[in-house]
């Protein structure tokens, strides 16, 4: 079993977020069995890596200080999505989401638990760093 090393594991989280940056494309088709109709849709994603001291990251973190007072932002990921669905009355949907992982803290002396902030969400999601077997 590999021992947890917080500094190394925090860097791995940041590296993972950095590798997600870029342009992504997704397409899908839905089939309604009852009506025998299909709809095609597509999404274009622009994913941008943000440093922890970026204004947007700092603002989102400040709104959650009461929930995670001892945690600080590791980085941020801004996701801009442009989606269209064939035959929809709304021709294009544009959304922007910001994700910010916070530094994990030692939980019960065994594992590290952190939080993932998301713009528009009232409460952060949690994640746990576990040692590899």
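The values are calculated or read from the model by the stated rules, or taken from the named source; none is laboratory data. Since this is a predicted model, take the numbers as computed values, not measurements. Reconstructed Cβ throughout: ideal geometry from the backbone, glycine too, with neighbour counts over all protein chains shown.
Observations
- Here residue 14 qualifies as at pLDDT 90 or above, out of contact with any strand residue (DSSP E or B) (no Cβ under 7 Å at 6 or more places or on another chain) and either under 20 Å from residue 99 (Cβ atoms) or assigned to a helix (DSSP H, G or I) (or both).
- Selection status of residue 68, assigned to a loop (DSSP other than H, G, I, E, B), modelled with pLDDT under 75, crowded, with 16+ Cβ neighbours inside 10 Å and at negative phi: yes
- For region 71-80, the criterion of being exposed (fewer than 13 other Cβ atoms within 10 Å of the Cβ), outside any strand (DSSP E or B) and without any contact (Cβ under 8 Å) to a residue 24 or more places away in the chain is satisfied by no residue at all.
- Of the residues making up region 98-112, those that are in contact with a strand residue (DSSP E or B) (Cβ under 8 Å, 6 or more places away or on another chain) and surrounded by fewer than 15 Cβ atoms within 10 Å (Cβ to Cβ) are 105, 106, 107, 111.
Each row is one residue, and each column tells you yes or no for (1) buried (at least 16 other Cβ atoms within 10 Å of the Cβ); (2) modelled with pLDDT under 95; (3) touching a strand residue (DSSP E or B) at 6+ places or on another chain (Cβ under 6 Å); (4) more than 16 Å from residue 98 (Cα to Cα).
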residue: 26; (1), (2), (3), (4): no, yes, yes, yes
residue: 30; (1), (2), (3), (4): no, yes, yes, yes
residue: 35; (1), (2), (3), (4): no, yes, no, yes
residue: 38; (1), (2), (3), (4): no, yes, yes, yes
residue: 42; (1), (2), (3), (4): no, yes, yes, yes
residue: 46; (1), (2), (3), (4): no, no, yes, no
residue: 50; (1), (2), (3), (4): yes, no, yes, no
residue: 55; (1), (2), (3), (4): no, no, no, no
residue: 63; (1), (2), (3), (4): no, yes, no, no
